[in-house]
Amino acid sequence: MTRLKWFLLFAGGIACAIAPPLILGPPWAHGAISPMQEIMAARFGAKPKAIRYDSDKRLASFPDKLPVACPAAGPRTAVLLIAGQSNAANSAGQKYRSTHGADIANFFDGKCYKAQSPLLGSTGEWGEPWTPMANRLIESGAYDRVVLAPVAVGGSSIDMWTKGKLRGAMIETLTSLERFYQPTAVIWYQGEADFMLDTSEQTYRDQMKAIISLVRKPGQTIPVYVTSATRCANSALDWTPDNPVSRAQRSVVDPSDNVFSGADPDGLLSGLDRYDDCHLSASGVDKLADAWVKLLAQR
């Protein structure tokens, strides 16, 4: 890896850790939360409640999370395991809430909460594309209920999920979820770190196949959606949409094995859709949410 890549990877991580996203979308868009609501709550509301993280720095509790009964399982309920790095986690510049009450639930540690950014189970304290996606899935008529089970860690490389301790977090989340539901799909949104790390096409392909095997028990064919995601604050370097990691991501797609192409942020999003040339602004969330609805509503 070049020194410049290391510097950008390090600087990007520090920036996300200490500075909030700057681009915010309109508060009325698909359950978007107005920043003024948070400012007023902080100024005139109750004293802040504790925020708790697990050993992987994933959110385990956050103020004003509303426990709800988990939605009933059935053919009209989408149950989504969502894994990956920061763009799958709570790093977007706009926060969102369920516009369908408890019919959109954030599943974490065997319990359900009304979906609202940030989602428990992932790193970060900002917005995410999954709640607005769930709002639109219901509005499209594809489903009546949506369960979101995120397990996403900012800056994570794929080998942290196949060989590192995040493998355990994935298995634990999936095991907990399967006590209540059969997942209807797995969304994998990761690859930016591996582009920075110069992971080879063959290495990423092999590890991606290991991820697919990890989320399926023998004989299972849970649909897995592999997102084409490799761009993160590297558009001015040697990044192009066709690179070893993106080629590996595309190569594992096999509809006969229920492995599908996910949304394509590398191709779909412009610089204006990322507030720091990496993480999603409100317009980026809108584009990806729409793309995911088109994909998931077909199954």
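Accessible area of region 78-121 with a 1.4 Å probe: how many percent of it is carbon plus sulfur?
Values: 360 of 900 Å².
Looking at region 78-121 in its full context, I get 40 percent from C and S.
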For region 143-235, accessible area per residue (1.4 Å probe, heavy atoms of protein chains only), Å²: 35 Å²
Pairwise label distance in nanometres, Ser140 with Gln220, each label 7 Å out on the Cα-Cβ vector: 2.3 nm
For region 231-298: span of alpha carbons on each principal axis (Å, largest first): 37, 27, 12
Counted charge near Asp264, where neighbours are those whose Cβ lies closer than 11 Å (Asp, Glu -1; Lys, Arg +1): +2
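For Ala73 and Ala50 in the same chain, what is the full-extension length gain: residue separation times 0.36 nm, less their Cα-Cα distance, in nm?
5.1 nm
How much of the accessible area of region 196-282, in percent, comes from carbon and sulfur atoms when a 1.4 Å probe is used?
Numbers: 1920 of 3550 Å².
Of all accessible area on region 196-282, carbon and sulfur atoms account for 54 percent.
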Rounded FRET efficiency, nearest 0.05, which uses the C-beta distance separating Lys57 from Asp238 and R0 of 45 Å: 0.90
5 angstrom amide H check on Ile104, placed H, neighbours 5+ away: Ala115, Val146
Inter-site label distance for Leu272 and Ser200 at 7 Å from Cα along Cβ, in nm: 4.2 nm
Exceeding the 21 Å Cα-Cα cut-off - candidates Lys163/Lys217; Lys57/Lys165; Lys65/Lys111; Lys163/Lys209; Lys57/Lys294; Lys217/Lys287: Lys57/Lys294; Lys217/Lys287
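Of all beta bridges DSSP finds with both residues in region 83-188, what is the antiparallel percent, to the nearest 5? Write down the numbers at each step before the final one.
Numbers: 6 of 13 bridges.
For region 83-188, the DSSP antiparallel bridge percentage is about 45.
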For Ala32, residues with placed amide H under 5 Å, excluding near neighbours: Arg97
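The values are calculated or read from the model by the stated rules, or taken from the named source; none is laboratory data. Just so you know, these numbers come straight off a predicted model, no measurement behind them. Here the Cβ is made from the backbone with ideal geometry for all residues, glycine too, and neighbour counts use every protein chain on show. Please note that ligands, DNA and RNA were not included when accessible areas were found on the heavy atoms of the full protein model with its side chains. Shrake-Rupley method; radii C 1.70, N 1.55, O 1.52, S 1.80 Å.
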